[in-house]
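Written out below as structure tokens is the structure these notes cover.
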Amino acid sequence: MSVYQHDVIVVGAGLAGMRATIAAQSRGANVAMISKVHPVRSHSNAAQGGINAALTSRGDSWEDHALATVKGSDYLADQDAVEVMCQEAGAALIELEHMGVIFSRDEDGRLGTRRFGGQEQARTFFVADITGAAMLHVLYEQIMHSKVRVYEEWFVTSLVMEDGECRGVVAIELMTGQLHLIKAKAVILATGGSGRVYEPTTNGMVVTADGHALAYRAGAAIMDMEMVQYHPTTLKGNGVLITEAARGEGAYLLNSDGDRFMQKYAPHMMELASRDVVSRSEQTEINEGRGVDGCVFLDLRHLGRELIETKLSYIQEVAGDFANVDLSKQPIPIRPGNHYIMGGIKTDVHGATSIPGLYAAGECACVSVHGANRLGANSLLDTIIFGRRAGEAAAARATEVGDKPVPESVLSVDKEAIRSFLSRKPNKDMAAKIRLEMGETMNEHVAVFRNEAGMQTALQTIRQLRERYAELAVQDKGQVFNTNLLFTLELGFMLDTAEIICASALARKESRGAHFRTDIPQRDDANWLKHTLAYFTQAGPRIDYAPVTITRWQPQVRSY
Amino acid sequence: MQVTLDVRRFNPEDANPKPYRKTYTVEAEDYFTVLDALIQVREYQDPTLALRCSCRASICGSCAMRINGHAKLACKTKLTSVMDAQGNVRVEPAGNMPVVKDLIVDMKPFWDKVRAVDPWLQPEGPEPEGEYLAPNEAMLHLTGVMSCIMCGICVSDCTVLEVDSNFLGPAALAKAYRFVGDPRDGANVARLKKLNEYGGMWDCTRCYECVQVCPKGVAPMDRIMALRDKAITAGFTGTTGARHAEVFAASIKHTGWLNEFWLLPKTLGMFNPLSLPALLGALPIALRAVRHNKLPHMFHKPISGIQHVRRIFDKVEAPK
């Protein structure tokens, strides 16, 4: 075991984590980044379509962007946070361009845009359909330039809590299997989403809700976790994402009769209504017998081969690899699939959580700018804006607080937990079986359409799975790259998160955004225009509420 | 369908650590990729099998490994495209990097080389208030290189790295091209100067392996050739590599033959005292060639139709 010390430690090396790291360093902090995978393997890679920004220099208005975001959120977003994000978007975008992101250009050599869902204005900036990957690699270039220390392939097992504040992390170095203590004056969680709680999901196998569970176990408030986004266009089978940019460029959604069914549900915005609306429409078509094999179709044929090959080349590759479809010749079968969680660790606009010394940014955080439904291309913006803000705030805290003691005994709990997984005699059970049951249960009962009985079933199932988890043994007894142990620890994080999602969903007795209850199909502003909070207790999540900040946009009836 | 994976494994914690082979039989759907099959093994048969993977959609670059002897992304390789008639597939760790455990290799040498090309944008002059103006064609062209996911597949199968670990390698050089080719970058000349050095752009032997194995169409070797063009255009004509290209072309233009006898001395410079050690070093090879009656001819008669070859050269060399 070794002890390391930094002013600021950033957990996670996707877009939010790297942006936070760069910001903290520019403010003079001794900052380090810790990630269970190499930074460029992070799941920000999978963001395809683009990043929203209203460039006021071109006559776009940030207020328009903010209103679209608030309406998209079904009025659950905190409007002060939305204002911050949309106001700062233009400058953040230009900064990314200056760092080296090779955004697509228009005929005059200026940054080009495409349309995205839930917005009238084309304000989505993009690099073909690999925007997330292109941004991730450029931020990593900046990290290499900065010479910041990166604890690569280290997995954080818990936060160090002393006197009610966060003073560092405990982490396992995968290459050696050793447990280490990293002390810090501020810790920023930027661990991404929770997709693998569901099966199938668009998310990569590393997206296991680590930050959500770390913060929850440490006592932080976890907000709006019932708000889980189903993306309208994912592949059957493996659940891989087909970007919204396809519809942004003009693709149609068709049912088995060949009709553009969105005419019925969103006559004005059609395929570019917000995601919760489109996913519900698709699921309705499928449930009412107008799908094929559990899918509807995304039709790009009229866009032509040239546009597909220049602007949508990655999904052309994915469609060929996984569905055996040439997008310029055939419609591709798609269906709504788990994609994103709007909820997360509650933060203010500086990334500060309810725990002193603990910050969060990106998908694991809930500021909240996405409320009950996130607009496409707002997630990349969220990571860049609030990643930077969290980095700055954490660096500022580091100048204010002195070194505080951390007993090395903080390692003992995790050491014991790992030892018991390794020493237990294997029974017939396996981590993979528990994960699959969890994922399929969540996907059945806490999905596009929900009801009381289904959510109760899900919660009970998760609690039974937790009991099985407590008996689980790790079969690989080695120290070096024990991925069997890693997955088992991740599964513990996911089970906690699944329980929070179920409990939060059961608590909200209305339908709003992505949380649609067939047993209570109406939005109820009088009683439920409020955030759900979940706190750790031994008996399961304790639910509480917080008000929504409304600045200038009063809730309206939402139609597209 | 039934598939048998023949996996090369290695556990550094064994008493006497040695690579060994282990076979696993998997009941697979016909749409399964090699990664799907490996995950089946890891999740339900043998949780001790170690590999890296995440996105399942060829964008994170984690699952590079050798499949039937060539490096591939396991998530992009359908079982049906690689298994033999009996359903066998051979899986080994990526090459040219030290194996840590099973299919996991240490990518530190890979990243050290990427770092060595100063892989960040270095614009010159004051920053504009808005974005840099740049033609979309230039950006689209760069998107092709930026599609690189740093998976290490080209490095795994690079035939130069196999014998000369000093070579920067295809991934780092393609990354370097991404900046040299960027209209916003102001450090082109300095970059090209550095890339001219030993281990740089001139050490590629043009075997095409990296172009063939790259899962993202980055075509690293083509980028290396583009770097060479840019270096010569920028005035770096005195390097061994540039002179080799020149002597090679001159020989073909002159007779239609490659005159191997003069290639080395002319490339190194016949009257250059500094090339003497290298020329002397080649003497034993020359003597062996003499002994086996394989010394190249000193002079060639032009091939018939040489005028057509020269016409091609004239056309290519004509100012545009």
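The values are calculated or read from the model by the stated rules, or taken from the named source; none is laboratory data. Please read all numbers here as calculations on a predicted model, not as lab measurements. With ideal geometry, Cβ positions are generated from the backbone for all residues, glycine too; neighbour counts draw on all protein chains shown. Each accessible area value is taken on the protein alone, full model and side chains, heavy atoms only, with ligands, DNA and RNA left out. Shrake-Rupley method; radii C 1.70, N 1.55, O 1.52, S 1.80 Å.
For the reader, a short list of remarks on this structure follows.
- Residue satisfying all of: in segment A:178-199; closer than 17 Å to A:PHE487 by Cα and not small (Gly, Ala, Ser); nearest to the other protein chains (Cβ to nearest Cβ) among these: A:ARG196
- Residue in segment A:11-23 that is modelled with pLDDT under 95 and either in contact with a Leu (Cβ under 6 Å, 6 or more places away or on another chain) or acidic (Asp, Glu) (or both) present: no
- A:ALA184 fulfils the conditions (1) within 21 Å of the chain's Cα centre (by Cα); (2) surrounded by 24 or more Cβ atoms within 10 Å (Cβ to Cβ); (3) under 24 Å from A:ALA398 (Cβ atoms) except for a single criterion, (1).
Okay, residues lined up against (1) in a helix (DSSP H, G or I); (2) touching a residue at least 60 places away in the same chain (Cβ under 8 Å); (3) within 24 Å of A:LEU422 (Cβ to Cβ); (4) away from chain B (no Cβ under 14 Å):
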{"position": "A:THR457", "(1), (2), (3), (4)": "yes, no, no, yes"}
{"position": "A:VAL480", "(1), (2), (3), (4)": "no, yes, yes, no"}
{"position": "A:GLY540", "(1), (2), (3), (4)": "no, yes, no, yes"}
{"position": "A:TRP553", "(1), (2), (3), (4)": "no, yes, no, yes"}
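- Apart from one condition, B:TYR177 fits all of (1) within 12 Å of chain A (Cβ to nearest Cβ); (2) within 24 Å of B:PRO123 (Cα to Cα); (3) crowded, with 20+ Cβ neighbours inside 10 Å; the exception is (1).
Each row is one residue, and each column tells you yes or no for (1) among the polar types (S, T, N, Q); (2) closer than 25 Å to B:MET139 by Cα.
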position: B:VAL180; (1), (2): no, yes
position: B:MET201; (1), (2): no, yes
position: B:GLY217; (1), (2): no, yes
position: B:ALA226; (1), (2): no, yes
position: B:ARG243; (1), (2): no, no
position: B:PHE248; (1), (2): no, no
position: B:THR255; (1), (2): yes, no
position: B:THR267; (1), (2): yes, no
position: B:PHE271; (1), (2): no, no
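- Residue within segment B:67-82 that is assigned by TED's automatic domain parsing to the domain that holds B:GLY217, assigned to a helix (DSSP H, G or I) and at pLDDT 95 or above present: no
- Tallying residues that are open to solvent by 10 Å² or more (accessible area, probe 1.4 Å) and within 7 Å of chain A (Cβ to nearest Cβ) within segment B:61-85 yields 2.
- Selection status of B:PRO109, within 12 Å of another protein chain (Cβ to nearest Cβ) and touching a residue at least 40 places away in the same chain (Cβ under 8 Å): no
- Residues of segment A:7-58 classified as more than 21 Å from B:TRP120 (Cβ to Cβ), of a type in the set (Gly, Ala, Ser), within 13 Å of another protein chain (Cβ to nearest Cβ) and in contact with a strand residue (DSSP E or B) (Cβ under 7 Å, 6 or more places away or on another chain), total: 2
- Here segment B:49-60 is the region considered, the condition is being open to solvent by 10 Å² or more (accessible area, probe 1.4 Å) and touching a strand residue (DSSP E or B) at 6+ places or on another chain (Cβ under 9 Å), and the residue that is nearest to the other protein chains (Cβ to nearest Cβ) is B:ARG56.
- Among the residues making up segment B:183-232, those that are within 17 Å of B:ARG243 (Cα to Cα), of a type outside the set (Lys, Arg), assigned to a loop (DSSP other than H, G, I, E, B) and open to solvent by 40 Å² or more (accessible area, probe 1.4 Å) are B:GLU197, B:TYR198, B:THR205.
- Residue check for B:ILE306: without any contact (Cβ under 8 Å) to a residue 60 or more places away in the chain and loosely packed, with under 15 Cβ neighbours inside 10 Å: no
- Sub-7 Å Cβ pairs linking a first residue in segment B:138-159 that is outside the structural domain of B:CYS60 (by TED's automatic domain parsing) and without any contact (Cβ under 8 Å) to a residue 40 or more places away in the chain to a second residue that is open to solvent by 10 Å² or more (accessible area, probe 1.4 Å) and among the charged types (D, E, K, R), at least 6 apart or interchain, are B:MET139/A:ARG105, ordered by first then second residue.
- Condition met for B:SER156 (of a type in the set (S, T, N, Q) and open to solvent by less than 30 Å² (accessible area, probe 1.4 Å)): yes
- Applying the criterion of at least 1 residues that are touching a residue at least 24 places away in the same chain (Cβ under 8 Å) and among the hydroxyl-bearing types (Ser, Thr, Tyr) to the helices (runs of 4 or more DSSP H) found wholly in segment A:14-110 leaves A:15-26, A:62-72.
- Selection count, segment A:158-178, where residues are buried (at least 21 other Cβ atoms within 10 Å of the Cβ) and among the polar types (S, T, N, Q): 0
- Scanning segment A:75-112 for residues that are away from chain B (no Cβ under 12 Å) and surrounded by fewer than 24 Cβ atoms within 10 Å (Cβ to Cβ), we see that the one that is farthest from A:GLY248 (Cα to Cα) is A:ASP80.
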